[in-house]
Amino acid sequence: MTIKTTKNAVSRRKALLGLGVGAGALATSGLMPGAMGFAQAQSSAPIKIGFQKHATGIGAAYGRWYDATTTAAIQRINDSGGINGRPVEIVTEDDGTDPSRGAEALEKFEKLHSCDVAFGTLFSHVVIGSAPRAAELKLPYFVVSEGHHVASGMLNRYTLQPGITDVKSQVVSMAPFIANNLGKKVTMIFPDFAFGHDHRDFFTQAIEAQGGEVVAKIAIPPTETSFTRYFPSIPRETEVIYHVMVGPAVLTFVKEMGEFFGPSRPELFGFIDSLEAVGIDSPGLEFLESTYFWEGMPRHVQDNQSEAEKTYRAAVGCDDRGASLDDPADVSTYAHMFGCWETLNVIKAGMEAADYQGPQDRTKLIEAVEAMSDMPESLDHPQGAKRFNGKTHQVFGQQFISKVTEGKMVVEHVATIEDGLYEDEVDYTTQSF
Amino acid sequence: MTVAGKINTLHFGILLFLLACFFILPAYHVGALSRIMVLAIYAIGLNILFGYTGLLSLGHAMFFAAGMYGLGLSIKFLGVSVIPAFGIGILSAAVLSVLVGLLALRTVGVSFMIVTLMFAQTIYLVVLYFGEYTRGDEGFVLQQAERMLLNFDVTTEAGRYFVAFGAFSICLISFAALVQSSFGKRLVAIRENEERARMLGYDVWRYKLLAVIISGTVSGVAGALYALLFGYVGATFASVQYSILPLLWVLLGGAGKTIGPLIGVAFMFYLIDASSAYTSAYMLIAGLALVILTMFAPRGIAGILQAKVWPWLP
């Protein structure tokens with residue numbers, strides 16, 4: 001085969017000239033990576049917040065309610081004049097509850113949508129998979145995850161969790177109530193993966209500090225669909241069962257536990273994570289009557305409901321039982337989703353403190369948030385007062401212990417901020433930007 | 001031009017195009033291409049086994065994860081630098097592929113698929129079981145300072161792109177040379193008619209084992225590279241989802257075609273990327289695309305190219 005040349009063929013000189021002109025045009029239009037600069041935002045241009053949403057995958061139920069809360073929070077912020085006089089716009093990307101797609105979402109926020117910050121991630125593996133990219137992109141990344149990964153020092157200076165407490169703080173603050181009111185000999189039943197291991201490790205230490213002990217640790221493989229065979233492993237001396245099962249098998253877990261124990265059971269203490277987006281009055285959950293749950297924020301309206309909580313509940317579209325106003329069967333993730341509302345208010349406060357004008361002020365924004373400390377209970381923080389630790393990038397707040405009473409979650413005890421404090425494990429402020 | 005010349009021109013043309021992409025594409029697509037090239041290496045790994053040898057593995061995530069954890073754990077716990085860690089990652093995948101090959105090749109057909117799936121599930125559960133070290137489903141981060149390749153920072157856009165490009169170039173050229181070699185032709189002979197290959201005197205089992213080892217090791221290279229370039233090691237990459245994805249990429253791009261993996265990964269990536277902007281049912285769209293391609297172009301996009309444009313496509 002031969003290659004034919006024609007008179008119309010482009011000469012080398014013309015080709016090089018064309019390439020040069022093309023490259024010049026691309027560079028001036030900001031398309032070449034090296035020339036990619038942020039065009040200074042006009043004062044009226046919206047502030048863009050990238051919302052990394054679990055729209056699909058295992059976190060979809062959370063994602064839907066995180067979305068509803070985010071929308072409500074942004075509407076309130078915009079109704080009150082936006083941030084630094086600029087409207088706020090949410091750019092949503094589905095991360096599929098997958099760490100790889102999570103990192104891709106951050107890339108889109110930064111490079112396609114020119115977002116100012118990213119926010120909203122819940123599931124730990126997505127946070128941990130995305131955080132390195134946030135640092136590389138120099139994109140402030142505000143997570144709503146409750147994982148200990150931020151405060152543990154695993155992540156970086158660009159990743160902050162100012163709107164929801166972490167699992168270590170939650171567990172530590174539960175231990176005194178359990179030891180003093182339910183019993184000191186505890187059997188733990190937990191999923192055999194990182195979330196369950198965090199509970200196992202943190203609670204074991206915390207209950208020992210209260211003079212109690214974990215008498216058995218029963219790890220359930222994540223693929224398990226039936227649980228009856230694990231219950232005979234619960235020692236007879238057990239006074240409290242601490243359970244943190246999550247996922248679609250939770251209803252089976254509770255039902256089989258009820259069938260195993262019948263009317264004579266130890267005290268039960270669980271984390272509402274097990275039953276987020278699930279009605280406590282669902283068939284098969286009758287066994288949970290008179291048992292206790294940790295709640296990040298009480299799902300059911302309490303007698304002493306604050307005005308802030310009342311306004312927040314209405315804004316996110318939830319009824320007195322934490323279900324959608326449009327569909328009582330659509331139960332929210334009420335114990336966690338307040339974190340989106342509060343995080344967005346922290347971003348607003350941080351941007352206003354830093355006089356944020358655009359991406360060139362991102363480091364000032366992070367420093368402004370790091371400088372925050374006490375946040376009083378208000379409509380900005382309807383869950384309650386908070387205390388932010390700028391060194392660990394982690395917020396601390398009150399925790400609720402509710403008892404299921406005639407199908408309603410009634411708050412029995414409120415753990416204070418101080419109950420959930422622990423030693424710093426990192427100082428992110430010593431890291432350079 | 002000879003067929004070999006055309007093939008070489010095509011492969012080097014693709015590499016030249018990828019190189020040029022760094023300078024002409026917007027930043028987002030440069031980042032996306034880095035990821036696509038790493039995942040295309042993974043798909044090349046599966047293509048060797050599935051596309052050329054006719055062995056369908058449903059558990060290739062175990063090899064990807066072996067490379068990823070080999071690199072990640074050695075950096076985290078042994079404190080070794082990137083190059084020896086990369087070697088450990090590749091070695092982990094190679095050793096695993098030898099073991100899996102020795103056992104799984106005692107089966108054929110559907111049984112082979114199921115056995116590989118079960119091995120992968122075992123590896124996934126092992127990762128979760130040793131959560132104290134692996135951090136299970138959460139995974140762990142490789143810090144920026146731990147990812148320096150000698151004095152070269154792979155966490156910059158350029159660093160990441162050119163390392164991905166370099167690795168992909170080596171894999172594509174080696175892969176093309178392999179499938180055009182007598183060894184590659186023997187693999188194809190096994191795929192087309194195993195009994196006949198055996199009757200011709202070829203030690204079919206040995207060739208299959210070599211195919212599993214090469215395929216698993218290449219997949220491990222991709223896993224180690226992913227951990228290095230994106231700084232995250234997690235059990236998600238050992239899950240069944242990441243065994244199915246390379247199969248989809250290869251089927252879409254063209255099984256048994258050297259350029260199939262790159263086309264398949266790029267097509268799937270941008271299909272999901274674009275469709276997810278409009279609907280949360282983007283996987284349905286991806287599924288429909290696969291069904292349509294399977295019905296009307298069973299040999300994938302590269303198969304269409306071969307039928308319509310480049311009949312010499314290897």
Original post:
Got at least one residue in the stretch B:219-229 being of a type in the set (Val, Ile, Thr), assigned to a helix (DSSP H, G or I) and more than 12 Å from chain A (Cβ to nearest Cβ)?
Top reply: yes
Subject >> Out of A:Thr429, A:Thr363, A:Thr405, A:Thr343, sole residue that is under 18 Å from A:Leu139 (Cα atoms), in contact (Cβ under 8 Å) with a residue 60 or more places away in the chain and not assigned by TED's automatic domain parsing to the domain that holds A:Thr69 >> reply: A:Thr429
**OP:** Name every residue in the stretch A:101-152 that is in contact with a Leu (Cβ under 9 Å, 6 or more places away or on another chain), polar (S, T, N, Q) and in a helix (DSSP H, G or I), in order of residue number.
**Re:** A:Ser130
Subject >> Selection status of B:Gly79, over 16 Å from B:Val163 (Cα atoms), in contact (Cβ under 8 Å) with a residue 24 or more places away in the chain and not charged (D, E, K, R) >> reply: no
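Table: residues versus (1) modelled with pLDDT of 95 or more; (2) in contact with a Ser or Thr (Cβ under 8 Å, 6 or more places away or on another chain); (3) facing chain B (nearest Cβ under 9 Å); (4) part of a strand (DSSP E or B).
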site: A:Lys7; (1), (2), (3), (4): no, no, no, no
site: A:Arg13; (1), (2), (3), (4): no, no, no, no
site: A:Gly18; (1), (2), (3), (4): no, no, no, no
site: A:Gly22; (1), (2), (3), (4): no, no, yes, no
site: A:Leu26; (1), (2), (3), (4): no, no, yes, no
site: A:Gln42; (1), (2), (3), (4): no, no, no, no
site: A:Phe51; (1), (2), (3), (4): yes, yes, no, yes
site: A:Gln75; (1), (2), (3), (4): yes, no, no, no
site: A:Ile90; (1), (2), (3), (4): yes, yes, no, yes
Subject >> Considering residues of the stretch A:53-69 that are more than 17 Å from A:Asp330 (Cβ to Cβ) and of a type outside the set (D, E, K, R) only, the residue nearest to the other protein chains (Cβ to nearest Cβ) >> reply: A:Thr56
**OP:** Just give me the residues in the stretch A:184-201 being part of a helix (DSSP H, G or I) and without any contact (Cβ under 8 Å) to a residue 40 or more places away in the chain, in sequence order.
**Re:** A:His197, A:Arg200, A:Asp201
Original post:
Of these, A:Val369, A:Val411, which one is of a type in the set (A, V, I, L, M, F, W, C), more than 20 Å from A:Val346 (Cα to Cα) and at pLDDT 95 or above?
Top reply: A:Val411
Subject >> Every residue from the stretch B:136-194 that is among the small types (Gly, Ala, Ser), buried (at least 17 other Cβ atoms within 10 Å of the Cβ) and either in a helix (DSSP H, G or I) or at pLDDT 95 or above (or both) >> reply: B:Gly159, B:Ala164, B:Ala167, B:Ser169, B:Ala176, B:Gly184, B:Ala189
Subject >> Answer from A:Pro298, A:Pro235, A:Pro266 - the residue that is under 21 Å from the mean Cα position of the chain (by Cα) and either away from every other protein chain (no Cβ under 14 Å) or acidic (Asp, Glu) (or both) >> reply: A:Pro298
Original post:
For the stretch A:219-229, how many residues meet the condition of being buried (at least 18 other Cβ atoms within 10 Å of the Cβ) and away from chain B (no Cβ under 11 Å)?
Top reply: 2
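Which ones in the stretch A:128-156 are within 11 Å of another protein chain (Cβ to nearest Cβ) and either touching a residue at least 60 places away in the same chain (Cβ under 8 Å) or touching a strand residue (DSSP E or B) at 6+ places or on another chain (Cβ under 7 Å) (or both)?
A:Ile128, A:Gly129, A:Ser130, A:Ala131, A:Pro132, A:Ala134, A:Ser145, A:Ser152, A:Gly153, A:Met154, A:Leu155, A:Asn156
Which residue is surrounded by the most Cβ atoms within 10 Å (Cβ to Cβ), if the candidates are limited to the stretch A:351-376 and must be among the charged types (D, E, K, R) and in a helix (DSSP H, G or I)?
Ranking the qualifying residues of the stretch A:351-376, first place goes to A:Glu370.
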Subject >> 2 or more residues within 14 Å of chain A (Cβ to nearest Cβ) and surrounded by fewer than 16 Cβ atoms within 10 Å (Cβ to Cβ): qualifying helices (runs of 4 or more DSSP H) within the stretch B:1-112 >> reply: B:3-24
Subject >> Search result, residues across the stretch A:202-217 that are assigned to a strand (DSSP E or B) and among the hydrophobic types (A, V, I, L, M, F, W, C) >> reply: A:Val214, A:Val215, A:Ala216
**OP:** Could you list all residues from the stretch A:259-288 that are under 16 Å from A:Tyr334 (Cβ atoms), charged (D, E, K, R) and either at pLDDT 90 or above or not in a helix (DSSP H, G or I) (or both)?
**Re:** A:Glu276, A:Asp281
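Please tell me if B:Glu138 is more than 8 Å from chain A (Cβ to nearest Cβ), touching a residue at least 12 places away in the same chain (Cβ under 8 Å) and not aliphatic (A, V, I, L, M). So that I can check it myself, show each step before the final result.
On the way: more than 8 Å from chain A (Cβ to nearest Cβ): no; touching a residue at least 12 places away in the same chain (Cβ under 8 Å): yes; not aliphatic (A, V, I, L, M): yes.
For B:Glu138, the condition - more than 8 Å from chain A (Cβ to nearest Cβ), touching a residue at least 12 places away in the same chain (Cβ under 8 Å) and not aliphatic (A, V, I, L, M) - is not met.
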Original post:
Could you say whether any residue in the stretch B:116-127 is away from chain A (no Cβ under 14 Å), buried (at least 20 other Cβ atoms within 10 Å of the Cβ) and among the aliphatic types (A, V, I, L, M)?
Top reply: no
Subject >> Residues of the stretch B:141-166 that turn out to be touching a residue at least 12 places away in the same chain (Cβ under 8 Å) and away from every other protein chain (no Cβ under 11 Å), as a count >> reply: 7
**OP:** Test A:Tyr422 against the stated conditions and say whether it is touching a Leu at 6+ places or on another chain (Cβ under 8 Å), part of a loop (DSSP other than H, G, I, E, B), surrounded by 17 or more Cβ atoms within 10 Å (Cβ to Cβ) and among the hydroxyl-bearing types (Ser, Thr, Tyr).
**Re:** no
Subject >> Filter pass, A:Lys111 being among the basic types (Lys, Arg), over 11 Å from the mean Cα position of the chain (by Cα) and more than 8 Å from chain B (Cβ to nearest Cβ) >> reply: no
Subject >> Looking only at the stretch A:194-216, and only at residues there that are touching an Asp or Glu at 6+ places or on another chain (Cβ under 7 Å) and crowded, with 24+ Cβ neighbours inside 10 Å, the one that is farthest from the other protein chains (Cβ to nearest Cβ) >> reply: A:Ile207
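The values are calculated or read from the model by the stated rules, or taken from the named source; none is laboratory data. Just so we're clear, the structure is a prediction, and the values are computed from it rather than from any experiment. Every residue, glycine as well, gets a Cβ built from its backbone with ideal geometry; the counts of neighbours run over all protein chains shown.
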